[in-house]
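Participant: My structure is below; once you've seen it, I'll send some questions.
The values are calculated or read from the model by the stated rules, or taken from the named source; none is laboratory data. Keep in mind it's a predicted model, so treat the numbers as computed, not measured. Cβ placement follows ideal geometry from the backbone for every residue including glycine, while neighbour counts extend to all protein chains displayed.
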Amino acid sequence: MECIRNFNRFELKYLVSTSLIEPLECEFQKYLIPDHHGDKKGWYALKSLYYDTDDYQFYREKIDGVKYRRKLRIRYYEKEKDLTEDDIVFVEIKQRIDRTTQKRRIPVTYKDALALCDERKLIEVEEKDRRVRDEIYEMLWNYDLHPTCITSYFRHARVGGECDPGVRITFDTNIRKRTEDLDLSSKKLWEFMVAPDKAIMEIKVNDAIPTRLTELISDFGLRLIRISKYCQGLETAELVKNKSYWI
């Protein structure tokens, strides 16, 4: 994946039936193009390994609606071959400030990602990545973080062209989780955390949502939801008592 290290944006999420993906796609393809990181139709697979405290502080901050919050994860964009210790992954801080989502991440080998996050070793990175690496290192020690949950899903993505710069729309399907055997390279069968006939559609923009998108949302009767795949994973695994989302 292209190494974009930092960005800010607004995210809106909708729970849709998978049967709506095709008709929605027919509309989106009129002015949005497939993400070049996916296959010919724009699909790719993602896995994310999340870190949290023993009492799930990052989970609780999300549920409580804390306006400034962060969480830490290792993200892997799957390839046809199995993940090896030398493959590139991203160690990411996802941060929320009021309604704005920010991400900072560093590209490192899977081996180095585990050395940093699990063994808390101060790994070598490019000079431009040192500030983010140091923030990750500080989070790991200050919060005493450990691996908590892996999420996986298939994503279809479209991005805006010249007329809609900064717009990105994704459909996430086959959304699963695992709270044991927390190795991104593991082949262990995962459990669904969202019904297989449902997808999460996300609209991501740098500024305002284009009018034609808001009209399309209204025409299809889509319902805005607040959902975190990480939180949904913990709840369906019954590691926490809350049931905060309707799925």
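Participant: Could you run through segment 29-42 and say how many residues are buried (at least 16 other Cβ atoms within 10 Å of the Cβ) and not in a loop (DSSP other than H, G, I, E, B)?
Facilitator: Qualifying residue count for the region: 2.
Participant: Using the structure shown, decide if ASP87 is of a type in the set (Asp, Glu) and under 26 Å from LYS188 (Cα atoms). Walk me through how you get there before you give the answer.
Facilitator: Values: of a type in the set (Asp, Glu): yes; under 26 Å from LYS188 (Cα atoms): yes.
Yes, satisfied.
Participant: Could you list, in sequence order, all residues of segment 183-216 that are surrounded by fewer than 18 Cβ atoms within 10 Å (Cβ to Cβ) and hydrophobic (A, V, I, L, M, F, W, C)?
Facilitator: Once the filter is applied, which keeps residues that are surrounded by fewer than 18 Cβ atoms within 10 Å (Cβ to Cβ) and hydrophobic (A, V, I, L, M, F, W, C), segment 183-216 yields LEU189, PHE192, ALA195, ALA208, ILE209, LEU216.
Participant: Within segment 51-67, which residues are buried (at least 18 other Cβ atoms within 10 Å of the Cβ) and in contact with a Leu (Cβ under 7 Å, 6 or more places away or on another chain)?
Facilitator: Correct list: TYR51, ASP52, TYR56, TYR59.
Participant: Here's something else I'd like to know. With (1) crowded, with 19+ Cβ neighbours inside 10 Å; (2) farther than 24 Å from PHE58 by Cα; (3) without any contact (Cβ under 8 Å) to a residue 24 or more places away in the chain as the list, and ASN174 as the residue in question, which single condition is left unmet?
Facilitator: Of the numbered conditions (1) crowded, with 19+ Cβ neighbours inside 10 Å; (2) farther than 24 Å from PHE58 by Cα; (3) without any contact (Cβ under 8 Å) to a residue 24 or more places away in the chain, the odd one out for ASN174 is (1).
Participant: Now for a different question. Restricting to segment 113-129, name every residue that is in contact with a helix residue (DSSP H, G or I) (Cβ under 9 Å, 6 or more places away or on another chain) and hydrophobic (A, V, I, L, M, F, W, C).
Facilitator: Those that are in contact with a helix residue (DSSP H, G or I) (Cβ under 9 Å, 6 or more places away or on another chain) and hydrophobic (A, V, I, L, M, F, W, C): LEU116, CYS117, LEU122, ILE123, VAL125.
Participant: Something else: Within segment 46-81, which residues are among the hydroxyl-bearing types (Ser, Thr, Tyr) and more than 11 Å from THR148 (Cα to Cα)?
Facilitator: Selection gives TYR68, TYR76, TYR77.
Participant: Sort out which residues of segment 1-28 are touching a strand residue (DSSP E or B) at 6+ places or on another chain (Cβ under 9 Å), at pLDDT 85 or above and surrounded by fewer than 11 Cβ atoms within 10 Å (Cβ to Cβ), and write them in order of number.
Facilitator: Hit for segment 1-28 is SER17, nothing else.
Participant: Still on this model: Could you grab me the full set of residues in segment 115-128 that are over 12 Å from LEU145 (Cβ atoms), assigned to a helix (DSSP H, G or I) and touching a residue at least 12 places away in the same chain (Cβ under 8 Å)?
Facilitator: LYS128
Participant: Here is a follow-up. Of everything in segment 68-94 that's in contact (Cβ under 8 Å) with a residue 24 or more places away in the chain and surrounded by fewer than 16 Cβ atoms within 10 Å (Cβ to Cβ), which residue is nearest to ASN206 (Cα to Cα)?
Facilitator: Top of the filtered list is TYR68.
Participant: Being at negative phi and in a loop (DSSP other than H, G, I, E, B): is that true of PRO165 here? If you could, list the steps in order and put the result at the bottom.
Facilitator: Working: at negative phi: yes; in a loop (DSSP other than H, G, I, E, B): yes.
Criteria met by PRO165.
Participant: Considering (1) under 21 Å from the mean Cα position of the chain (by Cα); (2) more than 22 Å from ILE225 (Cα to Cα); (3) in contact (Cβ under 8 Å) with a residue 60 or more places away in the chain, say which one ILE150 fails and leave the rest.
Facilitator: Unmet for ILE150, out of (1) under 21 Å from the mean Cα position of the chain (by Cα); (2) more than 22 Å from ILE225 (Cα to Cα); (3) in contact (Cβ under 8 Å) with a residue 60 or more places away in the chain: (2).
Participant: Out of the residues in segment 57-83 that are among the aromatic types (Phe, Trp, Tyr) and in a strand (DSSP E or B), state the one that is farthest from PRO107 (Cα to Cα).
Facilitator: If we take residues in segment 57-83 being among the aromatic types (Phe, Trp, Tyr) and in a strand (DSSP E or B), then TYR68 is farthest from PRO107 (Cα to Cα).
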